[in-house]
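Participant: Mind having a look at this structure? Questions to follow.
The values are calculated or read from the model by the stated rules, or taken from the named source; none is laboratory data. Just so you know, these numbers come straight off a predicted model, no measurement behind them. Using ideal geometry, Cβ is built from the backbone for each residue, glycine included, and neighbour counts are taken over all protein chains shown. Just the protein is used for accessible areas: all its heavy atoms, side chains included, with ligands, DNA and RNA removed. Shrake-Rupley method; radii C 1.70, N 1.55, O 1.52, S 1.80 Å.
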Amino acid sequence: MILRIVVLLAVLGVVVNARAIQGDPDWWKHATFYQIYPRSFKDSNNDGDGDLPGIIGKLPYIKDTGVNGIWLSPIMQSPQLDQGYDISNYYVIDPRFGTLDDLKSLITKAHELGIRVIMDFVPNHTSDQHEWFKASENRTEGYEDYYIWMDGTPEKPPNNWLSCFAGSAWQWSEKRQQYYLHQFTIQQPDLNYRSPKVHEEMKNVLKFYMDLGIDGFRIDAILYAYEDDQYRDEPRSNLPVDPNNHDYLDHIYTANLPETYALVYEWRKFVDDYAAENGLDAKVLMTEVYADLDQTIPYYGTADGSTLGAHFTFNFFMIRNLDLNSSNANNVVQIIYSWMDALPSIYTSNWVLGNHDNRRYPTRLGAENKDGFLMLDLLLPGVAVTYNGEEFGQEDGEVKYEEGQDPAARDPAIFYQISRDFERTPLQWDNTTNAGFNEGAKTWLPVSKKYLDLNLQSQLDEGKVSYYQNYKALIRKRQEEAASLGSTNIWALSNDVVVLRRSHEGKHIAVAFKLGWHDNNDAETVLVPGVSCQTGTVAIASVGSQYKRGDQISVQSLVLQPHEAVVIDIAC
């Protein structure tokens with residue numbers, strides 16, 4: 001794969017050499033990023049939708065958590081058919097979120113607090129309401145090839161390609177008398193990156209927001225940027241799914257093409273050059289890729305680092321491959337090592353438990369295991385990403401089909417299986433009306449009924465053990481040398497117990513965690529491998545643990561109850 005990309009780069013004439021940046025190129029390497037889903041975060045004007053002024057008002061809270069940066073899910077102008085991932089103007093903020101001045105204010109105030117700001121960048125497609133698409137559909141001079149158009153007849157699409165949201169990926173345009181490609185909804189036509197003009201348009205977008213002070217971009221759905229230029233039918237996947245289901249085909253011609261990697265490398269050079277020319281800290285690129293390891297890792301760049309891609313591409317393997325019904329401690333360890341073993345040592349790992357597209361991790365992995373998985377996530381080496389609400393243990397909300405907003409789930413037969421609405425319900429700030437999200441107006445998605453007992457306000461007391469206080473303690477623990485610089489070892493001591501050890505110059509941070517899956521209700525006696533000490537000090541203990549911060553405990557015969565987890569400081 002890497003060889004194919006390098007050859008392609010040479011053919012395209014793309015020169016993307018690693019180079020020094022005049023500012024700080026490494027600020028992000030051990031950062032904790034906090035993903036904000038703006039529509040569900042905080043509603044400042046009581047219209048039912050979260051907004052930028054709401055985020056600004058909560059910046060002191062975000063600062064208090066200790067995170068290094070926030071990542072904003074899409075806020076650009078959009079008809080909102082796919083919650084902002086259908087952009088109609090890249091240079092305008094959607095009015096439901098505020099104005100460009102609000103974004104400028106957010107950036108300024110965040111920077112004053114030492115918080116970096118990352119924006120969602122959606123380059124694969126636009127809304128069909130975008131002026132580019134209207135011009136392209138009308139064959140306006142200069143815009144004819146901004147999108148992917150193919151001949152056909154209204155009854156017969158150009159090939160068998162399928163949309164991620166089911167059905168044909170082709171839509172007939174009566175106006176143009178051709179088909180256009182849409183890998184998502186019909187209203188989200190795919191841009192054509194074989195057009196040099198599209199490349200320049202998207203670089204202009206990146207520069208516009210970097211000029212405003214944005215610190216980087218999370219690049220959405222980048223794996224679909226290029227398609228086979230011969231438009232060949234894709235083969236069957238042989239999975240037992242409906243023929244209209246996206247998984248019915250093996251997407252060898254519509255995902256992770258060599259040209260797509262080259263595009264990411266081109267953008268990395270662009271943002272690196274921008275930072276260097278302006279004497280700025282690194283502008284960070286994060287890529288969203290749901291793919292196998294051998295297709296995911298090359299988004300970082302070439303194995304030797306001579307050509308750089310994304311600063312990191314999201315590690316979704318704990319999201320995709322773990323669940324409380326079929327996984328065990330061995331699977332946890334295997335998933336972690338498979339990522340670390342595949343990633344060239346010159347690149348920085350990252351760890352993600354949840355996001356706006358997947359059920360919240362306490363719901364997937366067990367509400368009793370909130371602390372244990374968060375300890376692993378935050379104390380593994382490299383970047384950590386927190387989805388808003390994870391810091392205090394928010395779980396999936398309750399949404400009826402009639403209340404749903406996800407365009408991928410507008411069929412009652414599949415709504416409860418695939419809808420992404422459950423993880424997008426409003427943030428549960430306190431136990432007042434609408435969980436403090438607003439002052440009582442109808443919310444765009446219903447507030448979870450759990451908010452009366454599960455909310456941030458109930459966990460703010462620093463004198464009490466809570467998920468939020470543990471989260472803050474873990475953020476602080478990440479700054480210690482054993483966590484930021486230390487070696488990493490992780491073991492499954494049984495089918496139900498995971499132990500992580502980070503070590504640096506005789507100091508160790510260990511996580512011992514009993515999953516309690518599969519009705520394993522017995523206590524287990526475990527040890528921390530590879531240390532000569534007999535005892536350690538409890539630094540953080542899970543909610544409900546028998547242990548307390550400051551306890552001296554044996555690291556050779558530590559007793560853990562189901563769902564119990566502790567972080568231990570060890571010096572020897």
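Participant: Which whole number of Å³ per residue matches the convex hull of the alpha-carbon atoms in the range 304-409?
Facilitator: So the per-residue hull volume is 130 Å³.
Participant: Per-residue HN-Hα couplings for the range 405-419, Karplus 6.51 cos²θ - 1.76 cosθ + 1.60 at θ = phi - 60°, whole Hz, x for Gly and Pro?
Facilitator: Karplus values, whole Hz, x for Gly and Pro: 10, 6, x, 6, 10, 8, 9, x, 5, 10, 3, 6, 8, 10, 4.
Participant: Right, here's the next one. What whole-number volume per residue, in cubic angstrom, does the convex hull of the C-alpha atoms of the range 403-445 give?
Facilitator: 71 Å³
Participant: Scaled to the compact-protein estimate 2.2 N^0.38 Å, what is the alpha-carbon radius of gyration of the range 283-359, rounded to two decimal places?
Facilitator: Working: Rg = 13.0 Å, N = 77, 2.2 N^0.38 = 11.5 Å.
Relative to the rule-of-thumb radius for its length, the range 283-359 sits at 1.14.
Participant: Additional query: May I ask what percent, to the nearest 5, of DSSP beta bridges between residues of the range 155-290 are antiparallel? Don't skip to the end; give the middle numbers.
Facilitator: Values: 6 of 10 bridges.
Close to 60 percent.
Participant: Could you provide, to the nearest whole Å², the per residue accessible area of the chain with probe 1.4 Å?
Facilitator: Solvent-accessible surface per residue comes out at 38 Å².
Participant: Anything over 32 Å Cα to Cα? Flag those among K29/K104; K63/K207; K175/K400; K63/K442; K109/K507, in the order listed.
Facilitator: Correct reply: K175/K400; K109/K507.
Participant: Given the Cα-Cα distance of D292 and L452 and 0.36 nm per residue of separation, how much length would full extension add, in nm?
Facilitator: 53.6 nm
Participant: Taking Rh as the Kirkwood radius, which is the inverse of the mean 1/r over Cα pairs, what is the Rg/Rh value for the range 247-286? Don't skip to the answer; put the middle values down first.
Facilitator: Working: Rg = 15.0 Å, Rh = 12.1 Å.
With Rh from the inverse mean 1/r over Cα pairs, Rg/Rh is 1.24.
Participant: Can you tell which of I93, S136, L103 lies farthest toward the positive end of the dipole of the range 86-137, using +1 and -1 charges on the Cβ of basic and acidic side chains (Lys, Arg; Asp, Glu)?
Facilitator: Comparing the listed Cα positions along the dipole, L103 ranks first.
Participant: With every protein chain left in place, what is the accessible area of V241 in Å² (1.4 Å probe, nearest 10)?
Facilitator: Its heavy atoms expose roughly 50 Å² to the probe.
Participant: Okay, next question. In the chain, carbon and sulfur make up what percent of the accessible area (probe 1.4 Å)?
Facilitator: 48 percent
Participant: Still on this model: If you take the beta carbon distance between K507 and Y61 as r and set R0 to 30 Å, what does 1/(1 + (r/R0)^6) give as a FRET efficiency, to the nearest 0.05?
Facilitator: It comes out at approximately 0.45.
Participant: On to the next question. Any chance you could tell me what percent of the C-alpha pair distances in the range 169-211 go past 13 Å?
Facilitator: Values: 581 of 903 pairs.
Counting pairs separated by more than 13 Å, the tail of P(r) holds 64 percent.
Participant: Rounded if a/c is under 1.5, else prolate if a/b is larger than b/c, else oblate: which is the range 195-341, with a ≥ b ≥ c the root eigenvalues of its Cα gyration tensor? Write out the running numbers ahead of the final one.
Facilitator: On the way: a/c = 2.32, a/b = 1.38, b/c = 1.68.
The shape class here is oblate.
Participant: Please state, rounded to one decimal and in Å, the Kirkwood hydrodynamic radius that the chain gives when every pair of distinct Cα atoms enters the mean of 1/r.
Facilitator: After inverting the mean inverse Cα-Cα distance, the result is 24.8 Å.
Participant: Something else: Which value in Å does the Kirkwood hydrodynamic radius of the range 186-229 take, with 1/r averaged over all unlike C-alpha pairs and then inverted? Spell out each step's value before the answer.
Facilitator: Working: mean 1/r = 0.0823 Å⁻¹.
One decimal place: 12.2 Å for the Kirkwood radius.
Participant: R0 = 56 Å: FRET efficiency of D341 with N521, Cβ-based, nearest 0.05?
Facilitator: With a Förster radius of 56 Å, E is 0.95.
Participant: For the range 157-232, divide the Cα radius of gyration by the Kirkwood radius and give the resulting Rg/Rh value with two decimals.
Facilitator: Result for the range 157-232 is an Rg/Rh of 1.04.
Participant: Kirkwood-based Rg over Rh for the range 361-428 (C-alpha set), two decimals?
Facilitator: 1.05
Participant: Another question, if that's okay. Return the long-range amide H neighbours of L249 (sequence gap of 5 or more, or a different chain), with a cut-off of under 5 Å between placed amide H atoms.
Facilitator: Long-range HN contacts for L249: S237.
Participant: Tell me, what are the semi-axes, in whole angstrom and largest first, of the equivalent ellipsoid of the range 389-506 as set by the roots of 5 times the Cα gyration tensor eigenvalues?
Facilitator: Values: eigenvalues 255, 93, 28 Å².
The three semi-axes for the range 389-506 are 36, 22, 12 Å.
Participant: Antiparallel versus total DSSP beta bridges in the chain: what percent is that, nearest 5?
Facilitator: 65 percent
Participant: A follow-up question, please. From the backbone phi of the range 84-89, what are the Karplus-calculated ³J(HN,Hα) couplings (6.51 cos²θ - 1.76 cosθ + 1.60, θ = phi - 60°) in whole Hz, Gly and Pro given as x?
Facilitator: Rounded to whole hertz, the list is x, 7, 10, 8, 9, 7.
Participant: How much length is gained if the chain between F208 and D101 is pulled fully straight, taking 0.36 nm per residue apart and subtracting their Cα-Cα distance, in nm to one decimal?
Facilitator: Contour length minus the Cα-Cα distance gives 37.1 nm.
Participant: State, to one decimal in nm, how far the label point of D273 lies from the label point of N160, with both points 7 Å from Cα in the Cβ direction.
Facilitator: Distance between label points: 4.2 nm.
Participant: So, one more: Based on the Cα gyration tensor of the range 70-221, what are the three equivalent ellipsoid semi-axes, each the root of five times an eigenvalue, rounded to whole Å and given largest first?
Facilitator: Over the Cα atoms of the range 70-221, the ellipsoid semi-axes are 32, 15, 13 Å.
Participant: Rounded if a/c is under 1.5, else prolate if a/b beats b/c, else oblate: with a ≥ b ≥ c from the C-alpha gyration tensor eigenvalues square-rooted, which is the range 36-106?
Facilitator: Details: a/c = 1.81, a/b = 1.64, b/c = 1.10.
Because a/c hits 1.5 or more and a/b exceeds b/c, the range 36-106 counts as prolate.
Participant: In nm, what is the difference between 0.36 nm times the number of residues separating D229 and A367 and their Cα-Cα distance? Mind showing how you got there, number by number?
Facilitator: Details: separation 138, 0.36 × 138 = 49.68 nm, distance 4.69 nm.
Extending this stretch completely gives an extra 45.0 nm.
Participant: Same structure, new question: Mind running the shape call on the range 440-552? Use the C-alpha gyration tensor, a ≥ b ≥ c as the square roots of the eigenvalues: rounded below 1.5 for a/c, prolate if a/b tops b/c, oblate otherwise.
Facilitator: It is prolate, given that a/c is not under 1.5 and a/b is the larger ratio.
Participant: Projected onto the charge dipole of the chain (+1 at Lys/Arg Cβ, -1 at Asp/Glu Cβ, origin at the Cα centre), which of L560, I115, Y547 gives the Cα projection farthest towards the positive end?
Facilitator: Towards the positive end, the residue furthest out is Y547.
Participant: What list of ³J(HN,Hα) values in whole Hz, one per residue of the range 496-506 in order, does the Karplus curve 6.51 cos²θ - 1.76 cosθ + 1.60 (θ = phi - 60°) give from phi, with Gly and Pro shown as x?
Facilitator: 10, 10, 10, 10, 10, 10, 10, 9, 7, 6, x
Participant: Follow-up question, since we're still on this one. What FRET efficiency do you get for Q177 and N238 if R0 is 51 Å and r is their Cβ-Cβ distance, rounded to the nearest 0.05?
Facilitator: With a Förster radius of 51 Å, E is 0.90.
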